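Written below as structure tokens is the structure these notes are about.
Each reported figure results from applying straightforward, stated rules to the coordinates on display, with no laboratory input. From a predicted model like this one, the values you see are computed outputs, not experimental measurements. Here the Cβ positions follow ideal geometry from the backbone for every residue, glycine too, while neighbour counts run over all protein chains shown.
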Amino acid sequence: MAEKTGKQLRAPEPVPDDPLLWPFAAARIAMDACFGWLERGPSELADSSLPWTTPNSVALELATMRLRNCARTGAGQPALVCAPYALHRALIADFAPGHSVVQSLQNGGIDRVYLTDWRSAAPDMRYLSIDSYLGDLNVAIDEIGAPVDLVGLCQGGWLSLLYAARFPAKVRRLVLAGAPVDLSIDSRLSQLARNAPEMVYDQLVARGGGNVSGEEMLRLWSKAPSRDDIATALQSDLSGEDGAALLARFERWNAEPLNLPGTYYLEIVNWIFRENRIARGQFTALGRGIDLKDVKAPVFLLAGLDDDVVPAAQALATAGLLGTPPAFIAAASQPSNHLGLFMGARTHAHAWPRIAEWLRDDLPGMLARRA
């Protein structure tokens, strides 16, 4: 069995439907709000009551995450799924049968799959930075045994890319699914980050006692995803008993946000989304400047044609920033919105089996067959 582990606000315009945008939309809402400063920050939220889809064990307990071992065997090339740390739990990568990145990789023949299960930020985590998460990712990969295949989802994508540039010998292949990297290509994510004054984000963190409160984001959120929004994300008919169960599961997942460390959050907003340091070659990770041309591993880019969070043009433009030879860069675009890239039934029927095959394939042999 799988392991369980005031003043009225004006409606913000436009309101993003995607839960991964909440940390940025909150800043816009905060400009219209007159809340008192909280005297203490939020405590770490309890573990989710939702069971995992894939049976797993905790391989490592770190300050930032639990490293979950979903492996079916102890042999074979390991793949580490780097879930997004953007207010919602890592169950986004293992949501339900037919809607699980972990399961799709396993069904595609990847037996050793691991997952970053990010922790909700407690008050003593408020000073954790991007470097903290890169450092723990490095410890996790050393525990698994490098080199790994790194599968980065959304904001887990830019984190995986930074890691691959910082430790190129430890990443065999890299998958970036809906990953925001070059923010000069406009998106709702970059617009929301840029449009608010910097002090708004500082105040948001200060109100959370040094963290960004997931519960506060839910209280301030004025437009929860509708049934149609959820059906679009899951790419499923939600009628009938099975559909009702999927809908209830999504709503429970959606209602269990994570707190984010304030330092980490402000670095993302300012360094990545406002200043575009990764794409510009101005990012320093664990004491060393990052040059994306140092990434020479084979790369697979997955984009959503209906993704207005990370538009397909932005997700695919990463190819031009890397040192990977063009012959070793694969790409796929799916008729999907942002969440559908990770949770959508059609995406899991078509794109993720192709990614699993690409991870298993002998690339030089495959190129020779195509020649």
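Counting each pair of different Cα atoms once, what's the Kirkwood radius of segment 251-371 in Å, rounded to one decimal?
16.9 Å
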(Q) Could you tell me how many cubic angstrom of Cα convex hull volume segment 237-315 has per residue? (A) 173 Å³
Q) How far is the Cα center of segment 65-100 from the Cα center of segment 264-327, in Å? A) 22 Å
Q | Relative contact order (%) - criterion: Cα under 8 Å, at least six apart; region: segment 57-154 | A | 40 percent
Q.
Among S333, G323, M343, whose Cα projects farthest towards the positive end of the dipole of segment 292-371, with charges put on the beta-carbon of Lys, Arg (+1) and Asp, Glu (-1)?
A. G323
Q) Where q = 0.17, 0.19, 0.21, 0.25 Å⁻¹, what log10 of I(q)/I(0) comes from the Debye formula for segment 306-359, counting one point per Cα? A) -0.60, -0.73, -0.87, -1.07
Q: Between D186 and R219, take the C-beta separation as r, use R0 = 25 Å, and let me know the FRET efficiency to the nearest 0.05.
A: 0.25
Q: Pull out the extension gain between A206 and A349, defined as 0.36 nm times the separation in residues minus the alpha carbon to alpha carbon distance; nm, one decimal.
A: 47.1 nm
(Q) Can you give the FRET efficiency to the nearest 0.05 for N195 and T284, using r as the Cβ-Cβ distance and R₀ = 22 Å? (A) 0.25
Q: Within the set of other residues whose C-beta is less than 10 Å from the C-beta of F300, count the net charge using Lys and Arg as +1 and Asp and Glu as -1.
A: +1
Q) If we count other beta carbons within 10 Å of each Cβ, what is the order of Y265, Y127, fewest first? A) Y127, Y265
Q: Go through 105-117, 65-77 and give me the packing order, highest mean Cβ count within 10 Å leading.
A: 105-117, 65-77
Q | Förster radius 25 Å - calculated FRET efficiency between L305 and A245, Cβ distance, rounded to 0.05 | A | 0.30
Q. How far is it, in nm, from the label point at R274 to the one at K296 when both lie 7 Å from their Cα along the line to the Cβ?
A. 3.7 nm
Q.
Just want the ordering: T54, T284, from fewest to most Cβ atoms lying within 10 Å of their own Cβ.
A. T284, T54
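Could you please report the charge total around L115, scoring K, R as +1 and D, E as -1 over all other residues with beta-carbon less than 10 angstrom from its beta-carbon?
Taking every other residue near L115 into account, the sum is 0.
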